[in-house]
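Values quoted throughout were computed directly from the atomic coordinates according to the rules given, and no laboratory measurement underlies them. Everything numeric here is computed off the predicted structure, so don't read it as measured data. Cβ atoms come from the backbone with ideal geometry, glycine included; neighbour counts cover every protein chain shown.
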Amino acid sequence: MLDIAAGHGLFGITLAKRQVSAEVGAVDWKHVLAVARENAQGAGIGQRYRTVEGSAFDVEFGTAYDLALITNFIHHFDGSTNKSLLHKVHAALTPGGTVAAVELVPPRGPGDAAFSR
């Protein structure tokens, strides 16, 4: 699986622990990935956890991922930027691959909550 803006790595690590054949390719900045690698080692999946250092907009993801995770990331960017990123992510997936986007952003007003489901 491809974990974009992996941060602490816990989303990808949790899924990899549940699917013992899964390997994680985590993308984020060098210092952030140090924490993710430590968490992967502690979770017992360090040998299935590789990292790609740099901006998700600039680095090469590779190909043949069945799943791409994008967690707490896309809300930072405008529609055009996200569209470009999602095209890049799609190109990294196998045919029929899945993108899972998780955004834990509190609503700014009462109207936002109605559209959060």
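Consider Ala56 against the criteria (1) part of a strand (DSSP E or B); (2) touching a residue at least 40 places away in the same chain (Cβ under 8 Å): it satisfies all of them except one. Which criterion is unmet?
Single failed check for Ala56: (1).
Would you say Gly62 is touching a Gly at 6+ places or on another chain (Cβ under 8 Å) and in a loop (DSSP other than H, G, I, E, B)?
yes
Select from the stretch 1-47 the residues that are assigned to a loop (DSSP other than H, G, I, E, B) and either under 23 Å from Ser84 (Cβ atoms) or not small (Gly, Ala, Ser) (or both) and list them in ascending order.
Answer for the stretch 1-47, where residues must be assigned to a loop (DSSP other than H, G, I, E, B) and either under 23 Å from Ser84 (Cβ atoms) or not small (Gly, Ala, Ser) (or both): Met1, Ala5, Ala6, Gly7, His8, Gln19, Val20, Glu23, Trp29, Ile45.
Being of a type in the set (D, E, K, R) and in contact (Cβ under 8 Å) with a residue 12 or more places away in the chain is the filter here, so list the residues in the stretch 72-92 that pass it.
Lys88
Condition check: outside any strand (DSSP E or B) and either touching a helix residue (DSSP H, G or I) at 6+ places or on another chain (Cβ under 6 Å) or under 14 Å from Ala6 (Cα atoms) (or both). Does Thr51 satisfy that?
no
Could you check how many residues of the stretch 80-94 are under 11 Å from Asp66 (Cα atoms) and surrounded by fewer than 12 Cβ atoms within 10 Å (Cβ to Cβ)?
Qualifying residue count, the stretch 80-94: 2.
In the stretch 54-83, which residue that is of a type in the set (Phe, Trp, Tyr) and over 11 Å from Leu2 (Cα atoms) is farthest from the chain's Cα centre (by Cα)?
Ranking the qualifying residues of the stretch 54-83, first place goes to Phe77.
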